[in-house]
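The values are calculated or read from the model by the stated rules, or taken from the named source; none is laboratory data. Quick caveat: nothing in here was measured; it's all calculated off a predicted structure. As a convention, Cβ positions derive from the backbone with ideal geometry for all residues, glycine included, and neighbour counts pool all protein chains shown.
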Amino acid sequence: MLNSIAETLHTQQGAIIKATEQHISISLLALLIAIVIAIPLAILLKDHRRIAEACLQVAGIVQTIPSLAILGLLIPLVGIGTVPAVIALVLYAIMPIFQNTYAGLTQIAPNLEEAATAFGLTKWKKLQRLELPLAMPMILSGIRISLVMIIGTATLAALIGGGGLGTFILTGIQSNNNTYVIIGAVLSAILAFFFSWLLKFVGSNTKRLRVGMLAIVILLVGFSGYQGYQALRPAPTEIVIAGKMGSEPDILIHMYKDLIQQEDPRAEVTLKPNFGGTTFLFKALQSNQIDVYPEFTGTVNQQIIKSKQKTGTNPQKTYQLAKRELARRYQMRYLKPMQYQNGYALVASPQFAQTHQLTKMSQLANYNNEITAGFDPDFYQLHDGYQGLKQPYGYHFKNVKTMEPAIRYQAIANGRVNVVDGYTTDPQIPQYHLKMLRDDRHFFPPYQGAPLMKESFAKRNPRVVTALNKLAGKITTKEMQQMNYEVTVKKKSAATVARQYLIKNHLLDH
């Protein structure tokens with residue numbers, strides 16, 4: 001495990017640094033906004049107990065709402081990406097800062113307040129010289145609590161394309177890569193510990209506190225100025241390409257980038273890997289937050305257009321339906337698909353496959369009484385999974401165990417099961433020398449990947465369309481399976497693997 005962590009830290013150094021920077025940026029921005037809201041509000045309400053208690057109740061209610069629910073409510077209002085993540089973090093961070101600031105200001109000894117009034121101090125001078133200095137330890141304690149909470153919760157930003165260390169955690173969970181999970185979790189914990197210690201160090205004496213407050217003010221002014229400059233200056237022409245979680249979308253978007261820049265060397269291409277699921281990506285495309293992303297024909301028909309039309313197993317008909325409905329309903333252009341399909345598959349252990357000479361799915365029915373299968377819960381229950389396979393293939397397996405996708409390949413590798421469900425391009429198939437069985441009765445629907453973009457973008461950027469169409473009909477299932485293996489198992493960078501394929505297949509110049 002230590003060797004794997006060290007290797008990943010070396011090969012993914014750039015991605016880890018970028019994710020860490022994103023995590024710090026999101027966390028500190030949310031904290032600064034929460035401080036600007038919570039501390040002045042507590043000062044204003046310190047003499048209005050009922051209103052202050054009502055605000056505390058509201059803040060407490062917000063804290064009880066699951067973070068995923070808040071993100072879901074924010075997406076229709078502000079889209080996806082960093083903005084909803086920061087808003088959600090601010091909502092969570094306000095209560096500890098407001099509560100501690102209010103408590104610190106209202107628990108000052110009455111005789112000190114009376115003495116300050118007797119000396120003729122104005123309300124502002126009393127706040128400046130007496131109340132804030134005495135309340136500062138509690139204020140800093142609230143800030144520290146909020147900061148630790150923010151850094152931990154910020155990992156969820158990866159679910160909506162906000163970036164951060166959560167991308168490594170989510171990618172690790174999806175690909176059963178514990179190394180990624182450990183790196184993301186440990187770095188998040190280190191950040192929380194470091195910034196908590198830093199705040200404690202800054203607040204340990206008056207001089208450090210003043211320097212720290214000055215640094216915060218400078219940071220606020222600098223950040224605001226930078227954001228203002230970014231908003232006012234002419235935006236450069238940029239093509240933003242995003243991908244879903246995992247190695248395969250990461251490989252594809254790097255191919256897109258290389259092909260576009262070869263076609264148009266002046267193109268500025270920005271990649272957003274691990275941007276989220278289908279819903280988030282499609283909404284980002286609709287709202288012009290991204291320009292292109294790879295999507296699969298079966299996913300378009302089932303999740304986006306929700307077609308009730310039966311397309312059967314013909315890949316061309318499936319693609320044409322998706323293309324036509326995307327254009328009609330959403331004014332989007334769906335380019336020509338690649339050759340490979342990333343759909344469901346049944347996979348047998350090498351020993352079981354060799355013993356029974358298995359090559360296709362129909363042969364499994366001959367050994368129903370010998371099969372112990374490990375299926376994803378969804379695959380087991382859905383009609384387009386195991387339940388639907390029973391009639392055309394005659395399956396009545398002796399024992400079926402449901403297990404999370406991340407562990408089913410471990411189960412077959414360890415001999416606990418001899419058949420599992422999977423996807424045709426899963427890297428674990430070559431990793432464990434498993435036998436993917438051919439769907440000889442054509443049960444599973446086609447899932448071919450192709451670039452998806454707005455029609456208006458395609459018309460403005462014909463060279464992008466020309467570049468991406470070079471992948472049409474390219475990449476076999478075996479080739480994509482191997483590329484996923486090289487990224488996930490051998491820890492090669494997606495950019496390197498993508499470029500090597502394009503050069504090898506004469507799609508890209510050296």
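Determine which member of the set 105, 127 is outside the structural domain of residue 410 (by TED's automatic domain parsing), more than 21 Å from residue 283 (Cβ to Cβ) and either in contact with a Lys or Arg (Cβ under 7 Å, 6 or more places away or on another chain) or surrounded by 22 or more Cβ atoms within 10 Å (Cβ to Cβ) (or both). Steps first, answer last, please.
On the way: 127 fails: either in contact with a Lys or Arg (Cβ under 7 Å, 6 or more places away or on another chain) or surrounded by 22 or more Cβ atoms within 10 Å (Cβ to Cβ) (or both).
Answer to the selection: 105.
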Matching residues in region 78-97 - criterion: being part of a helix (DSSP H, G or I) and of a type in the set (Gly, Ala, Ser): 85, 88, 93
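Could you list, in sequence order, all residues of region 437-446 that are under 29 Å from the mean Cα position of the chain (by Cα) and over 21 Å from residue 279 (Cα atoms)? Walk me through how you get there before you give the answer.
Restricting attention to region 437-446, the residues satisfying the condition of being under 29 Å from the mean Cα position of the chain (by Cα) are 444-446.
Within region 437-446, just 444 meets the criteria.
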Residue match in region 273-290 (condition: surrounded by fewer than 21 Cβ atoms within 10 Å (Cβ to Cβ) and touching a strand residue (DSSP E or B) at 6+ places or on another chain (Cβ under 6 Å)): no
Of residues in region 404-443 being among the hydrophobic types (A, V, I, L, M, F, W, C) and touching a Lys or Arg at 6+ places or on another chain (Cβ under 8 Å), the one surrounded by the most Cβ atoms within 10 Å (Cβ to Cβ): 420
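Quick one: would you say residue 54 is over 39 Å from the mean Cα position of the chain (by Cα) and either more than 30 Å from residue 244 (Cβ to Cβ) or in contact (Cβ under 8 Å) with a residue 24 or more places away in the chain (or both)?
Working: over 39 Å from the mean Cα position of the chain (by Cα): no; either more than 30 Å from residue 244 (Cβ to Cβ) or in contact (Cβ under 8 Å) with a residue 24 or more places away in the chain (or both): yes.
So residue 54 fails the test.
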Residue 337, sole failed condition from (1) surrounded by fewer than 18 Cβ atoms within 10 Å (Cβ to Cβ); (2) touching a Gly at 6+ places or on another chain (Cβ under 7 Å); (3) farther than 19 Å from residue 435 by Cα: (1)
Looking only at region 397-454, and only at residues there that are in a loop (DSSP other than H, G, I, E, B) and among the aromatic types (Phe, Trp, Tyr), the one that is farthest from residue 314 (Cα to Cα): 432
Scope region 455-501; condition under 19 Å from residue 264 (Cα atoms) and of a type in the set (Lys, Arg); matching residues: 459, 460, 463, 470, 499
Of the criteria (1) of a type in the set (A, V, I, L, M, F, W, C); (2) closer than 24 Å to residue 506 by Cα; (3) touching a Lys or Arg at 6+ places or on another chain (Cβ under 8 Å), which one residue 275 fails: (2)
Residue ID - modelled with the highest pLDDT, chosen from residues in region 256-273 that are closer than 26 Å to residue 184 by Cα and out of contact with any Asp or Glu (no Cβ under 7 Å at 6 or more places or on another chain): 271
Every pair of residues 6+ apart whose Cβ atoms lie under 8 Å, when the first sits in region 289-302 and is farther than 17 Å from residue 336 by Cβ while the second is charged (D, E, K, R) and in a strand (DSSP E or B): 290/272; 291/454
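Every residue in region 455-494 that is hydroxyl-bearing (Ser, Thr, Tyr), assigned to a loop (DSSP other than H, G, I, E, B) and buried (at least 17 other Cβ atoms within 10 Å of the Cβ), please.
Going through region 455-494, the residues hydroxyl-bearing (Ser, Thr, Tyr) turn out to be 456, 466, 476-477, 485, 488, 493.
Applying the additional criterion that residues be assigned to a loop (DSSP other than H, G, I, E, B) yields 476, 493.
Once the filter is applied, which keeps residues that are hydroxyl-bearing (Ser, Thr, Tyr), assigned to a loop (DSSP other than H, G, I, E, B) and buried (at least 17 other Cβ atoms within 10 Å of the Cβ), region 455-494 yields only 493.
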Lone unmet requirement of (1) at pLDDT 75 or above; (2) β-branched (Val, Ile, Thr); (3) surrounded by fewer than 17 Cβ atoms within 10 Å (Cβ to Cβ); (4) over 20 Å from residue 31 (Cα atoms) for residue 206: (1)
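Across region 259-288, which residue is farthest from the chain's Cα centre (by Cα) among those that are part of a strand (DSSP E or B) and closer than 22 Å to residue 474 by Cβ? Show your work before the answer.
Of region 259-288, the ones part of a strand (DSSP E or B) are 269-272.
Filter once more, so that each one left must be closer than 22 Å to residue 474 by Cβ: 269, 271.
Numbers: 269: 20, 271: 14 Å.
Checked region 259-288; the qualifying residue farthest from the chain's Cα centre (by Cα) is 269.
Just to check your reading of the model, which residue among 473, 415, 449 is in contact (Cβ under 8 Å) with a residue 12 or more places away in the chain, within 22 Å of residue 258 (Cα to Cα) and over 27 Å from the mean Cα position of the chain (by Cα)? Even if it seems obvious, please write down each step before you answer.
Working: 415 fails: within 22 Å of residue 258 (Cα to Cα); 449 fails: over 27 Å from the mean Cα position of the chain (by Cα).
Testing whether each residue is in contact (Cβ under 8 Å) with a residue 12 or more places away in the chain, within 22 Å of residue 258 (Cα to Cα) and over 27 Å from the mean Cα position of the chain (by Cα) leaves just 473.
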Selection count where residues are in a helix (DSSP H, G or I) and touching a Ser or Thr at 6+ places or on another chain (Cβ under 6 Å), scope region 35-47: 2
Any pair with Cβ under 8 angstrom, 6 or more apart, that starts in region 244-273 at a residue that is under 30 Å from residue 173 (Cα atoms) and ends at one that is surrounded by fewer than 20 Cβ atoms within 10 Å (Cβ to Cβ) and of a type in the set (Ser, Thr, Tyr): 244/278
Leading residue by the ranking (surrounded by the fewest Cβ atoms within 10 Å (Cβ to Cβ)) among those in region 162-197 that are among the small types (Gly, Ala, Ser) and assigned to a helix (DSSP H, G or I): 189
